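Where a number appears in this text, it was derived from the coordinates with a stated rule and is not lab data. Remember, predicted model here, so these are calculated numbers, not experimental data. Cβ: placed from backbone, ideal geometry, glycine included. Neighbour counts: every protein chain shown.
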């Protein structure tokens with residue numbers, strides 16, 4: 001399977017009835033500022049450089065962000081906060097992510113998520129995560145140059161570790177979610193060295209508006225990633 005084949009499968013997925021209803025309802029009843037826009041309202045494939053050495057894993061598209069624009073981390077405050085850090089670390093050519101025609105190009109980075117449809121309240125349930133993790137596993141297999149994986153939020157962190165364990169990775173020490181933690185993992189995944197794992201808070205408004213995550217804190221995460229990939 002190629003990445004294009006995988007993305008076609010993702011876009012046509014209807015495995016989770018609750019998420020299908022929510023993403024389509026959001027498109028049918030947009031807030032006034034988006035009333036004239038045509039929503040994507042389908043699952044989101046990954047986005048970025050297919051030769052990336054950095055993989056960024058988020059939670060899920062926002063109902064009026066990625067679900068509207070059709071691109072991962074695009075059209076909402078989380079995407080713009082993330083893009084500022086990627087730009088400052090040299091992974092993006094501009095510091096914003098507004099729509100699919102904004103000229104954004106990712107360099108040596110690929111963006112994906114645990115769940116590909118916008119979940120109600122930004123909270124997917126366990127069965128929805130389990131349905132979607134197959135796509136993340138396939139991306140990890142196909143993106144064969146990844147050296148560093150940055151997980152945004154506790155769910156992305158724990159899901160990625162579960163996926164590694166499912167694929168045969170065994171780690172004796174407990175991996176604790178802590179912003180900025182760096183874990184160099186021994187062993188192989190799909191015949192390649194397991195990428196170094198960096199944990200980060202998610203750049204959601206819940207975190208940025210409360211000061212739990214600042215732009216400088218997120219910048220530091222991606223500067224660490226840049227130092228590792230070289």
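Computed values, structure above
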quantity: For the chain, built as a Gaussian network whose Cα springs stay under 10 Å, the top-fluctuating residue of 131, 29, 93; calculated: 29
quantity: Neighbour-count ranking [beta-carbon atoms within 10 angstrom, fewest first] of 98, 139; calculated: 98, 139
quantity: Overall form of the range 130-230 per C-alpha gyration tensor (a/c, 1.5; a/b vs b/c); calculated: prolate
quantity: Viscosity 1.002 mPa s, temperature 20 °C, Stokes-Einstein D of the chain from Kirkwood C-alpha radius, µm²/s; calculated: 122 µm²/s
quantity: Sequence ranges 37-47, 12-22, ranked by mean other-Cβ count within 10 angstrom, highest first; calculated: 37-47, 12-22
quantity: For the chain, built as a Gaussian network whose Cα springs stay under 10 Å, the top-fluctuating residue of 86, 163, 106; calculated: 163
quantity: Prolate/oblate/rounded label for the range 57-128 (Cα gyration tensor, a/c 1.5); calculated: prolate
quantity: Relative contact order for the range 28-142, counting Cα pairs under 8 Å that sit 6 or more residues apart, in percent; calculated: 29 percent
quantity: Shape box of the range 68-198 [Cα atoms, principal axes, largest first, Å]; calculated: 43, 33, 28
quantity: Shape call, the range 1-129: gyration tensor on alpha carbons, a/c limit 1.5; calculated: oblate
quantity: Percent RCO, i.e. relative contact order, over the chain, from Cα pairs under 8 Å lying at least 6 residues apart; calculated: 21 percent
quantity: GNM flexibility winner over the chain from 157, 169, 91 (Cα, springs under 10 Å); calculated: 169
